[in-house]
C-alpha cells in the first residue's frame, strides 16, 4: 500500500542525496554558445545534454537533480521545524488552556487571516534572501496548522480516564505531556507533516518563482521555472521538466500521506 | 417631451461624433512597464515618467533624434563674459490653456527648480545664481562659476516649461494631475494605472507647417514582460518598451545603442578589490562579446573608460579589455587574491536579463578561481543600498547609469564625485585624486577643446584603474506594430512627434 506513492518520493530523495555523482554536468556552469539546446530526442539535441540546456547553456537535467537537493532539503527542514514548534505550542496551550491558550489562539487566527506570500515578502525583504531565512519563513507558514490540530486533540485527550488516572497517581506535567499525550498524537503529527512537505515544496517554489527564494546560481525548481516563464515558446523544456518534477514529488508525498494515515490511524482501518 | 429629449440626445451624439469623424490621423497605444508617477516635471526624473513630460512640455534647448542640441523654446543663446548667458526666446508660443509663453514663465520654473526641497531636479540647476527677465522674449542667466554646460542644462530633465501660475506649491499640485505645457501633445485624461491620453497640439511651433502624423496617444502601462509582448502580438498596443532580446524574432523591433551603460559599482575599500590588478583581472576574465551576443542577442556594446559613445568626453581610443583568462589568473595572483568571496547584488528588474547577467559573470569569474555569490533583491532594498551607499566591502551592485546631460560630467562625475554613489568607495590612496582634480577643472572650463583634453586624461584613468566593472552599453529595444514606425533615440525618450505611420 505504501510502495506506489513512495516511488517518486524515494526516487527524488536518492537523486537529491546522490546529486554530485548522478548529475552529468555542473548545474552552475554552462557554455553561452550552447544555450537553449533542445532535449536529446529533438534533431538538434545531443546525448551530452539529455533534457537540453537553459538560457545560459547549463544542463537542464543537472539543474533538475541539484534542484531536488535544495528543494527537498528546504522542505524537510521547514516541515520539521514547523511541525515541532506547532505541535509543542498546540500541546502546551491545549493542556493548560486559560489565558495563554486564548492569546495563542488569537495569534493563530491572525496569522491564518494574513496572506502568507505577503508575510514572506515582508520578512525576506528585511532579512535578505538566504536558505536559513527561507526555512524559517516556510516554518512560520506551517506551524499554525499543527498547533491548531494538536491543541484540539489535546483538549479532548486530557479529559480521558487514563490521563486523569495518571494525574491522580501524582504524575508531573512533563510526564503527562510526553509519556501519555505525545505518543497518542505522534502518528497524527507524522501524517500532517507528510502532507505539509508537499505544501511546502509548492510554497518554496512559489517564493523562488517570485525571486524571493533560493539565490542564483544555486538551482531550485521554482527559480528555474521563473527563468523559463518567458521562454515557454522557444524552449518548452526549460519549464516542463522542473514543473513535472514538482508535480510528481508533491503528488507522491500526498499519496504517501494518505497511505500513512491508513496505516498509522487505527480508526480508519477496515475491520 | 420624450421626443424632444431624444432629439436633444441625438444632437449631442452628432456633435460629439463630428470632430472625431474629421480626424484623419492615427491613434497609437504605447505600453511602458509602469505608469507615470506624476505630471509635474519638477517631481520626477524617472525615465518612464519623463517620457510623458517630453511629449507634453518643451525645454529651452532640446536634443534632436541624433542627440544634437537644437533650439527649443529658445531660439538663440550666447555666453556673456565668463558667467552669464543671454537667451532669446521663441515669440508667439502659447501654452495648451491659451496663455502666452514669456520669459517670466522660464524664470518662475527655474527658480522653483532652484528652491531647496521643492523639486527633485535641483542638482541639475545648482550652478545657476540668478535669472533676470530682460524682455518678454529674452532673459539672462547668471551662473556662480563659469558653466560650459548651461545650454545643455536647458535641455535636461526638469527644464520643462509650464505657465508660471503652476510654480507655487498649490499650482504644482494641480499641475501634477493636469499638466499644461507648450509641447506637441496636450493632456486629455489620466486614469491612474490604466491609461493616459494625449492629443496633438496643432498649434505647436515644431510641426513646421506639416500636420501631425499621430493624432492621439494612449499610454497603457503593462508591468509584466510577457503580457506586454502578447498585447503587441494581439494588436492591442502599437509600441512596447523593454523587449527581451530573445523575443526579437517574434515581434518587429526597433533598436539603437543607448547612452545608458551597465556597470557593477563596487566597494573597493578592502582587499582584494582595493588592488587595481585584481580589478583589472576581473575584466580580463569576462568574455563580454559572448555575453552580449548570447544573452542580449548581439544588442549591446562593450565599453571602457566610463563613458558611453553618445556622451561628450567619450574616448574612442580606449578599447575594452580583451577576454584573456590566463592573464586574469596571473593578475589575480600578483594582486594577492586569497580566496575572498565577492557578492554580486542586483535589484529584480534593474535591466533586461539582470539575474542571468550576474549568473554568467559569476560563472566566468569562478572559471579563473574567484569565489563569487549572487544576491538578487527587491527594488526597494536595492534603492536603500544605493541611497545609503551601503554596498558591503567586496560587494558589487549592478546599475545602469546614464548621463542626464549627454556629457560625462552627468554620469562619471555624478557617480565618482565624493558625494556620489562610488565616491565613497574609491579609496583615498588611489589616483582618484588626479581624477577628482581633472573632473572639477573640466566642470568650470568654458573652452570645449580644453574640456575634451581634460576628459581624455580622466577617462584614461578610469580605463586603467577600473574603479567599477564596466560591462556594456545597453541597447534600447522597442517592439512596434505594423501601424507605426520611428527612429529610436539613444536617450530612451519616446517622442511621438518623431513617429510616423508605417508603410
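None of the figures in this text is laboratory data; all of them are computed from the coordinates on show. For clarity, every value in this text was computed on a predicted model and none was experimentally measured. FYI the Cβ positions are ideal-geometry reconstructions off the backbone, even for glycines, and counts take in every protein chain you see.
Using the basic label-point model (7 angstrom from Cα toward the beta carbon), what is the residue A:117 to residue B:433 distance in nanometres?
Between residue A:117 and residue B:433, the label points sit 5.6 nm apart.
How high is the relative contact order of chain B, in percent, with contacts defined as C-alpha pairs under 8 Å that are six or more residues apart?
20 percent
Rg and Dmax of the range A:102-196 over Cα atoms: what are they, in angstrom?
17.2, 53
On a C-alpha basis, how far is the centre of the range B:175-251 from the centre of the range A:140-192 in Å? Whole number, if you could?
Computed from Cα coordinates, the inter-centre distance equals 64 Å.
Using only atoms on other chains, find how many Cβ atoms lie within 10 Å of each Cβ of peptide B:217-226 and report the average.
1
Which value does Rg/Rh take for chain B over its C-alpha atoms, Rh per Kirkwood?
Checking Rg against Rh, the ratio lands at 1.01.
If you line up the long axis of helix A:116-127 against the longest principal axis of chain A, both from Cα atoms, how many degrees apart are they, to the nearest 10?
The angle comes out at about 80 degrees.
Could you check what % of the DSSP bridge pairs in the protein assembly as shown are antiparallel, to the nearest 5?
That works out to approximately 75 percent antiparallel.
Counting other beta carbons within 10 Å of each residue's own, what order do B:254, A:64 fall into, fewest first?
Fewest to most other Cβ atoms nearby, the residues stand as B:254, A:64.
In what sequence do B:138, B:168, A:205 fall when counting other Cβ within 10 Å, fewest first?
B:168, B:138, A:205
With each run of n ≥ 4 DSSP H residues scored as -39500 (n - 2.57), what mean residue ellipticity at 222 nm is computed for chain B after dividing by its residue count and rounding to the nearest 500 deg cm²/dmol?
-9000 deg cm²/dmol
According to the Cα gyration tensor, what semi-axes, each the square root of 5 times an eigenvalue, does the equivalent ellipsoid of the range B:215-356 have, listed from largest to smallest in whole Å?
For the range B:215-356, the ellipsoid semi-axes come out as 37, 17, 14 Å.
Pull out a ≥ b ≥ c, the square roots of the eigenvalues of the alpha-carbon gyration tensor of the range B:94-177, then state rounded if a/c is under 1.5, prolate if not and a/b is larger than b/c, and oblate in the remaining case.
Cα axes put the range B:94-177 in the oblate bin.
When chain A is treated as a GNM, springs tying every alpha-carbon pair under 10 Å, which of A:103, A:92, A:191 comes out with the largest mean-square fluctuation?
Answer for the Gaussian network model of chain A: A:103.
Counting only other chains, what is the mean number of Cβ atoms within 10 angstrom of the Cβ of each residue in peptide B:357-363?
Mean partner shielding for this stretch: 4.
So what's the angle, to the nearest 10 degrees on a 0 to 90 scale, between helix B:354-367 and the longest Cα principal axis of chain B?
Roughly 10 degrees between the two axes.
With the Cα gyration tensor of the protein assembly as shown in hand, give its eigenvalues times 5 under a square root as the equivalent ellipsoid semi-axes, listed largest first in whole angstrom.
That gives 56, 35, 27 Å for the three semi-axes.
Which whole-angstrom value gives the distance between the alpha carbon centres of the range A:47-82 and the range B:106-163?
57 Å
Using only atoms on other chains, find how many Cβ atoms lie within 10 Å of each Cβ of peptide B:128-137 and report the average.
Whole-number average of other-chain Cβ neighbours for B:128-137 is 0.
Once you sort the root eigenvalues of the Cα gyration tensor of the range B:48-159 as a ≥ b ≥ c, which label holds: rounded (a/c under 1.5), prolate (a/b larger than b/c) or oblate (the other case)?
Cα axes put the range B:48-159 in the rounded bin.
Determine, for B:352, A:140, the number of other Cβ atoms within 10 Å of each Cβ, and report the residues in order from fewest to most.
A:140, B:352
Would you calculate, for chain A, the mean residue ellipticity at 222 nm contributed by helices, counting each DSSP H stretch of 4 or more residues as -39,500 (n - 2.57) and dividing by all residues, to the nearest 500?
Value at 222 nm, helices only: -23000 deg cm²/dmol.
Taking only Cα atoms, what is the 0 to 90° angle, nearest 10, from helix B:432-443's long axis to the longest principal axis of chain B?
Taking Cα atoms only, the helix is inclined about 30 degrees.
Please work out how much length the chain gains when fully extended from residue B:324 to residue B:202, using 0.36 nm per residue of separation minus the C-alpha to C-alpha distance, in nm with one decimal.
38.2 nm
Rounded to the nearest 5, what % of the DSSP beta bridges within chain B are antiparallel ones?
Antiparallel: roughly 75 percent of the beta bridges in chain B.
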